[in-house]
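For reference, the structure discussed in these notes is given below.
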Amino acid sequence: MTDKTAFPADFVWGAATAAYQIEGAADEDGRGESIWDRFCATPGKVRNDESGAVACDFYHRFPDDIRLMHELGLDAVRLSIAWPRIFPEGRGRVNQSGLDFYDRLIDELLAQGVQPFPTLYHWDLPQTLEDEGGWAARSTAEAFVAYAEVVAERLGDRVSHWATHNEPWVAAWLGYGSGEHAPGRASADDALAAAHHLLLSHGWAVEAIRRVAPDSNVGITLVLKPAYPASESEADRLAARTADGFFNRWFLDPVFRASYPADLLEYFAPSAPPVEEGDLETIAAPLDFLGVNYYSREVLRANPEGGLPLVVRDPEASYTAMDWEIYPNGLFDLLVRVRDDYDPPPIYITENGAAFSDHSTHDGEVIDPERQAYIEAHVDAIGRAIEAGVGMAGYFVWSLLDNFEWAHGYSKRFGIVYVDYPTLARVPKSSYRWYRDFIANQRNGGRGSAGR
Ligand code: FCB
């Protein structure tokens with residue numbers, strides 16, 4: 001175990017959420033349709049054809065939820081802005097009521113001592129933009145910058161940390177490559193174009209946010225998944241290297257080195273990202289922080305038929321309800337490696353957490369020791385990374401509330417607060433109480449034993 005005093009005094013303890021997963025109020029106050037509204041309305045795309053139309057009803061219940069954040073002792077909360085609330089048609093007309101909502105939300109957070117860390121894009125593209133080509137079209141990147149500018153102009157006087165995008169890998173490859181997520185396209189060419197335009201829009205938005213809100217810290221959140229070879233064989237090492245390129249280097253290299261990895265360009269050929277002159281320099285705009293979402297790792301072996309590397313399952317390992325292997329040391333390895341290879345600005349873990357099948361007991365309690373253990377082990381890995389010299393700035397548990405887990409609908413519970421969907425009642429789980437005590441203990445200088 002790491003020394004609990006490893007965390008610097010200004011380390012940010014947080015929790016993360018995203019607009020479409022919690023807000024609900026899909027048709028209120030002039031919000032436009034997003035690709036997730038359309039995807040959920042398409043039969044067979046989401047488990048039980050569920051949707052985020054109501055979700056946790058955070059749109060109406062945010063004062064109570066912010067009270068829960070305050071009682072938890074959070075320094076910060078990660079939330080996302082819903083683009084279709086601000087620009088119902090994606091570009092052009094601004095919907096003032098949408099901006100007013102986030103204005104009230106941020107004021108309430110600050111009044112309760114919780115810093116907002118907004119993300120501008122957590123996957124809810126206005127449907128009108130999808131109809132014009134979506135992220136596969138360069139014009140969507142242009143529309144994103146106009147949106148970023150309007151939001152930063154309105155909220156930038158109270159927001160210190162902005163993230164442009166959440167997990168461009170997922171938005172591009174699950175949205176446009178496999179079709180498991182909205183908008184549900186299945187084309188590698190579209191996914192490569194989408195990934196490039198997401199990154200390009202990030203670079204442009206960094207400049208726009210800094211221009212209208214000069215005191216801002218600006219970053220991006222990437223989902224990173226360390227890839228380990230199943231054996232020491234040359235073929236398995238190459239398989240792991242390819243998977244690492246696909247998930248990690250494809251995004252880290254352009255952001256920190258202004259280039260796409262050569263081995264992956266070769267792998268994808270003849271498909272290629274639609275790079276124009278100057279794009280890569282734009283994407284590599286210097287950042288104030290890097291957001292990393294970490295959930296699991298992958299172990300790979302070479303495909304004897306020569307196709308995609310094969311994922312190997314460790315029968316000894318434990319898995320979450322998402323069937324993701326619990327592998328905290330992967331976070332340590334990843335952080336050290338990102339530091340060594342990319343010399344990044346301070347890193348926030350912007351998401352980390354686990355789904356388990358939680359139940360409310362007869363006396364209304366929700367006891368979730370597995371989630372607590374998951375969080376503890378990952379926080380410990382971060383402490384070890386700090387001891388190894390990695391510049392870490394904060395940790396956000398995914399998620400504050402049980403919520404709409406995309407194609408899984410409401411079946412996967414990640415919250416440290418249980419949401420009883422029929423009544424929308426909130427029940428803090430035992431992991432919430434543990435995290436509250438842990439944060440309080442950190443403020444005490446890390447002495448004592450964090451509620452154990
Ligand atoms: C991440 C997403 C987040 C949530 C978690 C479980 O990929 O950013 O919205 O779905 O996974």
* Structure fact -> Residue pairs within 7 Å by beta carbon, gap of at least six or interchain, first lying in the range 66-87 and among the aromatic types (Phe, Trp, Tyr), second modelled with pLDDT of 95 or more and open to solvent by less than 10 Å² (accessible area, probe 1.4 Å), listed first then second, are TRP83/TYR121; TRP83/ASP124; TRP83/LEU125; TRP83/PRO126; TRP83/TYR147; PHE87/PRO126; PHE87/TYR147
* To do: Considering (1) more than 30 Å from TRP434 (Cα to Cα); (2) in a helix (DSSP H, G or I), say which one LEU105 fails and leave the rest.
  => (1)
* **Failed item in (1) more than 16 Å from GLU207 (Cα to Cα); (2) crowded, with 21+ Cβ neighbours inside 10 Å; (3) within 15 Å of the ligand (Cβ to nearest atom); (4) free of Cβ contacts under 8 Å to residues at least 60 places away in the same chain, with HIS165 passing the rest** => (1)
* Structure fact -> Taking the range 109-126 and keeping residues buried (at least 18 other Cβ atoms within 10 Å of the Cβ) and part of a helix (DSSP H, G or I) leaves LEU109
* Within the range 280-302, restricting attention to residues that are within 16 Å of the ligand (Cβ to nearest atom) and in a loop (DSSP other than H, G, I, E, B), which residue is surrounded by the fewest Cβ atoms within 10 Å (Cβ to Cβ)? -> SER296
* Asked: In the range 358-448, which strands (runs of 3 or more DSSP E) lie fully inside it and hold 2 or more residues that are within 16 Å of the ligand (Cβ to nearest atom) and touching a residue at least 40 places away in the same chain (Cβ under 8 Å)?
  -> 392-398, 417-420
* Asked: Which number in (1) open to solvent by less than 10 Å² (accessible area, probe 1.4 Å); (2) within 16 Å of the ligand (Cβ to nearest atom) marks the one condition that GLY90 misses?
  -> (2)
* To do: Looking only at the range 1-11, decide whether some residue is among the β-branched types (Val, Ile, Thr) and modelled with pLDDT of 95 or more.
  => no
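The values are calculated or read from the model by the stated rules, or taken from the named source; none is laboratory data. In this text the structure is predicted, and so the values were computed from the model without any measurement. As a convention, Cβ positions derive from the backbone with ideal geometry for all residues, glycine included, and neighbour counts pool all protein chains shown. Ligands, DNA and RNA are stripped out before the accessible areas are found, and what is left, the full protein with its side chains, is counted by its heavy atoms. Shrake-Rupley method; radii C 1.70, N 1.55, O 1.52, S 1.80 Å.
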